[in-house]
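Below: the structure, in structure tokens.
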Amino acid sequence: MSNLKENKPTADILMISMRAMGYSFESAVADIIDNSISASDPCC
């Protein structure tokens, strides 16, 4: 019998943890833009 418990992340907890790591709003936006550009790059 397994004692595993499902632990779904919630947005508020995720935002608090990211803020605690020093992940600012500006760097989050820059990261999203960078990931979007990388995802649409056909060379890779």
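The values are calculated or read from the model by the stated rules, or taken from the named source; none is laboratory data. What you see is a predicted model, and the numbers here were worked out from it, not measured in a lab. Surface areas here come from the heavy atoms of the whole protein model, side chains and all, with no ligands, DNA or RNA. Shrake-Rupley method; radii C 1.70, N 1.55, O 1.52, S 1.80 Å.
Would you check which residues across the range 18-44 are small (Gly, Ala, Ser) and in a helix (DSSP H, G or I) and list them?
So the first thing to find is which residues in the range 18-44 are small (Gly, Ala, Ser), and the list is 20, 22, 24, 27-28, 30, 36, 38-40.
Correct list: ALA20, SER27, ALA28, ALA30, SER36, SER38, ALA39.
Mind listing whichever residues of the range 1-17 are outside any helix (DSSP H, G or I) and open to solvent by 90 Å² or more (accessible area, probe 1.4 Å)?
Our first condition is that a residue be outside any helix (DSSP H, G or I); within the range 1-17, this holds for 1-10.
Across the range 1-17, the qualifying residues are MET1, ASN3, LEU4, LYS5, GLU6, ASN7, LYS8, PRO9.
Hey, can you tell me all the residues within the range 18-37 that are open to solvent by less than 70 Å² (accessible area, probe 1.4 Å) and at pLDDT 80 or above? If you could, list the steps in order and put the result at the bottom.
Of the range 18-37, the ones open to solvent by less than 70 Å² (accessible area, probe 1.4 Å) are 18, 22, 24, 27-31, 36.
Answer for the range 18-37, where residues must be open to solvent by less than 70 Å² (accessible area, probe 1.4 Å) and at pLDDT 80 or above: SER24, SER27, ALA28, VAL29, ALA30, ASP31, SER36.
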